[in-house]
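The structure appears right after this line, and notes come after that.
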Amino acid sequence: MITLKQKEEGIQKNGKKKLPFKERAKRQWDKNAIVYIFLIPTLIHFLVFQVYPFGFSLVLTFLDWKIIGDPEFVGLKHWIAFFNDKLAWKAIWNTVLFSIYYIVPTMALGLLLALIINSGVKFGGFFKGIFFLPVVTSFVIIAGIWGWLFRGTETGMVNWIISFIGIDPQLFLADSGQALMVLAGLSVFKVAGSTMIYYFAGLQSIPKQLYEAAKIDGASAFRIFWTITFPLLKPIHFYVAIITTIGSFQIFDSTFLLTGGGPNYSTTTIVFYLYQQGFAGLNLSYAAVLSYALFFIILVVSLIQRKYLGKETSLY
Amino acid sequence: MKKFSFLVLFLILGLVLAACSSDEEATGSGDGEGGGDGEVSGEITVWVHPYTADAEAESAMWDEIIASYNEEFDVDVTIETIPWANRDQKVLTALAANNGPDVFYAIPDQMPQYADEGMLLELDPYLEDNNMDDFVDTALVSTKWQDKTYGLPILQEAYTYFYNVEVVEAIGEDPENLPATWSEFEEWAKKAKEEGFYAMSYQGGGSMNGTLYPFLWQAGGEVITQDDEVMINNEAGVEAFEFVKKMYDNGWIPEDSITAMNHDALWNAGDILAVQGSGISLTNLEESGLDFVIAPPLKNKEQLTYGTTGMFVVPSNSDNPDAAAEFIKVATNAESQRKFNTITQYIPTRESAKDIFDDEKYLGQLAEYTQYALPGVIHPIGRTIMPSIQAEVQSMMAGEKTPQEAADAAAEAIEAELAK
C-alpha cells in the first residue's frame, strides 16, 4: 500500500508539466508497459470479483431483486426499512458489544503470550506451537469443543469445575446475558494465537540496546515494558487492532454454529442477520443494504483507528 | 495523472463487463420461452445431492433411473451431484445467471418461497396421467402452493420419539407400552425427573420444526395458513407454548434447552428418557449401542409430527421444461422410488414403494409414521419468521414473557413480516 501511495505521489509531481494527455499516456506506456501487462490479469480479477460486485450490490439496494425475472426499482424503500428495523439496530449493537468483549482481550492475550515465548522460557518453540494450535484448527471443531465445555447443564465441563468453588450451574449459551460473552471467549481463544505471532514479530524488531540502556539506568521490568516495549509496538497495535476490529464486525460462524442467534436475538450479529435476510429470507436487496451499513461502520472505525493509532513511531 | 488513465481503463473494462452480462441476459431469456409443444427431446441437467456417503452406488442408481426414463424419452440427461453445503446459494446464483439446472432437489421451506417468486414451473398440466393417489397425502402438502403443484416428492421422513430402554426400566415403566398422548408422556416425564433423568431432548437453538411446531400441530394449531391468516396465538397455539414452558420449568428438558443445538452427549450418557429422531438418527442410534424403542408421534388433539419431504422441481427458466417435467415423473414413480430409497434409506413417498422396508424392523415402523408427518410451515415467509418465533419461545422459556405474551408477540412479528 505504502509503495503504491508513494508512487502515486511521485506521478502527480511529474504530471505538473501538463503535457497533452495523449503524449503523457504514450510516455507512461513506453516507460511502464511491462508493468501494465503484468498488472492486467490482476486488474481483471479485481474488477470482476471486487469492483463489479461492490458496485452492483449498491444498485441492488435500490431494487427488489427477484433472482429470476425483472428486478423492480423501489428507490429508497430498503434503506428506510433499515432505519426503522429495530432488529437490525439490535444486531449492530450486539456486534459492537461483541467487539468490546473481543478486541482488547484478544490483543492483551496475544501480547501476553508473545511476551511469554519471547522471554526465553524453556521450550519456547513448543509453547508457540501450542498457543498457535487453535488458529490452525477448523473453527467448526473448536466451536464444537467450546459448546461442549460451556454446556448449560450441571454436567457441562465448566459448570462442573465452577461447582467446586461454590458457583451454581450457569446457563451460558442459553442465557441472554452470557451467551455473547461465551461466543467472544471462543473467538479470543481462536484468534489470540495469531495476534501472538504478530506481537512476537514486533517484539523481535525492538532494538536490544534500548533494553540494555534501560537496565543500566536501573529501570524495573514493569517500567521497561510500559516505556519501551509497549510504545514501540505501536505499529503492531495498529495492525492487530484493525484486523481484530474487522474480524469482530464480521463475526458469524460462532453464532451460526452455537446459538442460532438466540436466546431472544442476544447473539444475532449484523452478519448473521444479513445472512438470514439474504439467504434464508431471499431478501437479497435488504441484505445488500445491511452489508453497506456494515461497510460504513468498518470504514469509520478504521479511519478513527488510523487517526489515533496509525502515526509513524519515531524511535528516538 | 496516472490516476486518470487508470480510471479510464477501469471504466472501459467496466463497460465491457456490463455489456457482456446484459448480452447473456438477453440471449438467456430468449431461450427460456421455447418449449411447451409436444415432442420431448434435447438434453436436461439434473442437480442432485450426495444423499449417502456411497457415491458409486448412487451414481449406479441414477444410471438405472435415467435408463428407464430413456426407454420412453430420447433425452440426454446429465446428473450433477452438488454438495449440500450452501446449496441454496448455489441454486440461486445458477438460476439468476440463467445457467442453472433443468431439475433440482428442493426441500419444503424452499418450495413456496421459490414458487411465490415465480421461479418454479407449475407441474399440473403434466400430471394428468401420473398416478397421484399413490402418494402419501402429507408428502404432497409441501409440493403445493396456492393450489398449484410445483414439485413431486421422492423421499420423506418422520420424526418421532426414541426411548432409552434402560431409562424406561429405571423409572419402572414398560418399554412395550410407550406414551401415546401428552398426558401419558407427562406422567413418564415426572417419574423421569424424580429418578434424575431428563424426559426429552429439546434443541431450542435449532429449527422450530424440531421444537414448538410439532406440539403446535398436536394441539390442533397452525402457524399461518396459505391465505396469510396468522394462527399461532389462538387457543391451540398458546397451549403449545404452555406445554414447552411446562417442560422447561419442570426440568423435563435440559437447562440449556433455550439455545441447545443438540443433546447428543446427554443422550449418549444415558441421561435422557426420549429423543426426537428420524431415519437418519437410526444409524447413529444403532452404532451407539444403546438399547432403544421407537414410539409413535404424540397425540393431543391430533396425532402429528414433523418430517421433511424431498422433492424435485423445475425452474421456470429451464430450457427444456417438458423433458424436465417428464423426468421428475419417472424419477418419482414407484419403481424409481424403490431404487432411490433402498440406497438412501429414506422413506418412499408412494405407498406402493414402501414395501422395500417390509422386512426392516425400525424403518418399517418409521415408514408407517410418514402419514402423520407435516413438512413444516408451507409459506414463502416460512423461513423468515422462524427466528422471530424462536426468539419469543426463548424469552418465554427464560421467564421474560408468559406463554400468551410470547405467542402474541410471535403473531405480531409474523404480521409485520407479512406486511413487508
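Residues that are touching a helix residue (DSSP H, G or I) at 6+ places or on another chain (Cβ under 9 Å), at pLDDT 85 or above and farther than 17 Å from A:Phe296 by Cα within segment A:67-80 comprise A:Val74, A:Lys77, listed in sequence order.
Among the residues examined, A:Lys122 does not qualify as basic (Lys, Arg) and part of a helix (DSSP H, G or I). Give the residue that is surrounded by the fewest Cβ atoms within 10 Å (Cβ to Cβ), with candidates limited to residues of segment B:399-420 that are within 13 Å of B:Val230 (Cβ to Cβ) and in contact (Cβ under 8 Å) with a residue 40 or more places away in the chain. Ranking the qualifying residues of segment B:399-420, first place goes to B:Glu415. Pull out all pairs, ordered by first then second residue, where Cβ-Cβ is under 6 Å, the residues are six or more apart or on different chains, the first lies in segment B:319-347 and is among the small types (Gly, Ala, Ser), and the second is assigned to a helix (DSSP H, G or I). Listed by first residue and then by second, the contacts come to B:Ala325/B:Tyr126; B:Ala331/B:Ile65; B:Ala334/B:Ser352; B:Ala334/B:Ala353; B:Ser336/B:Ile65. Out of the residues in segment A:41-71 that are more than 25 Å from the chain's Cα centre (by Cα) and loosely packed, with under 12 Cβ neighbours inside 10 Å, which is farthest from the other protein chains (Cβ to nearest Cβ)? The residue in question is A:Pro41. The single condition among (1) without any contact (Cβ under 8 Å) to a residue 24 or more places away in the chain; (2) of a type in the set (Gly, Ala, Ser); (3) under 15 Å from A:Leu258 (Cβ atoms); (4) touching a Pro at 6+ places or on another chain (Cβ under 8 Å) that A:Ser163 does not meet is (3). Within segment B:357-398, the only residue that satisfies the criterion of being basic (Lys, Arg) and in contact (Cβ under 8 Å) with a residue 40 or more places away in the chain is B:Arg383. Would you say B:Asp264 is among the acidic types (Asp, Glu) and modelled with pLDDT of 90 or more? Against the criterion (among the acidic types (Asp, Glu) and modelled with pLDDT of 90 or more), B:Asp264 does not qualify. Taking the criterion of being under 18 Å from B:Leu266 (Cβ atoms), of a type outside the set (D, E, K, R) and without any contact (Cβ under 8 Å) to a residue 60 or more places away in the chain, the only residue of segment B:158-194 that qualifies is B:Ala170.
Restricting attention to segment B:340-361, the residues that are surrounded by fewer than 21 Cβ atoms within 10 Å (Cβ to Cβ) and small (Gly, Ala, Ser) total 1. Here the condition is being out of contact with any helix residue (DSSP H, G or I) (no Cβ under 6 Å at 6 or more places or on another chain), of a type in the set (Gly, Ala, Ser) and surrounded by fewer than 18 Cβ atoms within 10 Å (Cβ to Cβ); of B:Ala265, B:Ala260, it holds for B:Ala265 alone. Annotation note: Cβ proximity below 8 Å between a residue of segment A:116-138 that is in contact (Cβ under 8 Å) with a residue 24 or more places away in the chain and a residue that is among the charged types (D, E, K, R) (sequence gap 6+ or interchain) occurs for A:Ile117/A:Lys128; A:Pro134/A:Lys190; A:Val135/A:Lys190.
The values are calculated or read from the model by the stated rules, or taken from the named source; none is laboratory data. Worth saying up front: this structure is predicted, and the values here are computed from it rather than measured. As a convention, Cβ positions derive from the backbone with ideal geometry for all residues, glycine included, and neighbour counts pool all protein chains shown.
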